[in-house]
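Beneath this line is the structure, given in structure tokens, with notes to follow.
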Amino acid sequence: MVKFEFIRMEQPKNITWNNNSKNAIDDFNRAIAIDHNDEIALSYRGACKRCLDDYQNAIDDFDRAIAID
């Protein structure tokens, strides 16, 4: 579980600093595959998709995160 805590807590900083949203989405996809109800990973994945101008999929992730929370 420590590995996924790193993904959840550290990756968003790297997204902004490194502009590495595509790789971050892969990380969040793995976290979400393990826990489909991980609203934090869904929110961060949505933020990455927004950075890539994938607005509808970003909204879908945000809506799922809100429904869980």
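None of the figures in this text is laboratory data; all of them are computed from the coordinates on show. Computed from a predicted structure; not experimentally measured. Glycine also receives a Cβ, built like all others from the backbone with ideal geometry; neighbour counts cover every protein chain displayed.
Estimated at 0.36 nm per residue, the fully extended path between LYS22 and ASP53 surpasses their Cα-Cα distance by 10.0 nm.
Between ASP63 and ALA33, the simple spin-label model (points 7 angstrom out along Cα→Cβ) gives 2.5 nm. Quick one: what are the phi-derived ³J(HN,Hα) couplings along segment 45-53, Karplus 6.51/-1.76/1.60 with θ = phi - 60°, whole Hz, x for glycine and proline? Computed from phi, the couplings for segment 45-53 are 4, x, 5, 5, 4, 5, 4, 8, 6 Hz.
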